[in-house]
Amino acid sequence: MESPTKSSNKQSCATCVWLARQDYGYSNWTTEGTTAQCMFEKNPVLPADNWYDGAKEFNFICDLYKRGEGLRMDVDRDNGALINYTSNETLEAFLRMNPNFKIDFAT
C-alpha cells in the first residue's frame, strides 16, 4: 500500500471523489455513525469513523486524488448498487466500468 503524504485542508481525503462513507447502525432510523474508506485503500489509517468529517485521518492526499463528492451510503442501502449513490461523472464512469466493485469497510 502506498503511503500518502500530508496535505493542506483544501486537498485531502475528505474532499476526494474516491472517499466512500457508509452509515452503520440498526437501520436508517437508528444510525449510530459513519465509517469512511478510500475506495482504493491508499490511506493507511482508513477505514475509520467519520467523526466530525474533518478528523486527522483525512489529512492525507495520494496520487489518485480528484476533488469531488464521493459515495455516501445509508445503513439500509435503500438505493441498491453503488452507482445509485453518486451524481459525480468520474465516479459514475468508474462504477459503470466496474459494476462488481466492492468497498471493504471492516475496521
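The values are calculated or read from the model by the stated rules, or taken from the named source; none is laboratory data. For clarity, every value in this text was computed on a predicted model and none was experimentally measured. For neighbour counting, all protein chains shown are included, and Cβ atoms are generated from backbone atoms with ideal geometry for every residue, glycine included.
When you scan the range 65-72, do you find a residue that is among the charged types (D, E, K, R), farther than 16 Å from Thr34 by Cα and either free of Cβ contacts under 8 Å to residues at least 60 places away in the same chain or not in a loop (DSSP other than H, G, I, E, B) (or both), even just one? First the steps, then the outcome.
Initial filter on the range 65-72 (among the charged types (D, E, K, R)): 66-67, 69, 72.
With farther than 16 Å from Thr34 by Cα added as a condition, the list becomes 66-67.
Retained after the next criterion (residues that are either free of Cβ contacts under 8 Å to residues at least 60 places away in the same chain or not in a loop (DSSP other than H, G, I, E, B) (or both)): 66-67.
Yes - at least one qualifying residue is present in the range 65-72.
Is it the case that the range 93-106 has a residue that's touching a residue at least 12 places away in the same chain (Cβ under 8 Å), loosely packed, with under 13 Cβ neighbours inside 10 Å and within 13 Å of Arg21 (Cα to Cα)?
yes
Look through the range 73-107, keep the residues that are assigned to a loop (DSSP other than H, G, I, E, B) and among the aliphatic types (A, V, I, L, M), and return whichever of them is farthest from Leu46 (Cα to Cα).
Here is the first cut: in the range 73-107, the ones assigned to a loop (DSSP other than H, G, I, E, B) are 74-81, 86-88, 98-107.
Then drop every residue that is not among the aliphatic types (A, V, I, L, M), which leaves 75, 81, 103, 106.
On the way: Val75: 19, Ala81: 22, Ile103: 12, Ala106: 10 Å.
Applying the filter and picking the extreme gives Ala81.
Scanning the range 6-23 for residues that are at pLDDT 85 or above and part of a loop (DSSP other than H, G, I, E, B), which turns out farthest from Ala93 (Cα to Cα)? Give the derivation first.
Of the range 6-23, the ones at pLDDT 85 or above are 12-23.
Filter again for part of a loop (DSSP other than H, G, I, E, B), leaving 12, 17-18.
Working: Ser12: 22, Val17: 12, Trp18: 12 Å.
Once the filter is applied, the top-ranked residue is Ser12.
Report, by residue number, each residue of the range 76-105 that is among the small types (Gly, Ala, Ser), under 16 Å from the mean Cα position of the chain (by Cα) and within 20 Å of Ser27 (Cβ to Cβ).
Within the range 76-105, Ala81 is the sole residue that qualifies.
Would you tally the residues in the range 44-75 being over 21 Å from Tyr24 (Cα atoms) and buried (at least 17 other Cβ atoms within 10 Å of the Cβ)?
The number of residues fulfilling the criteria is 5.
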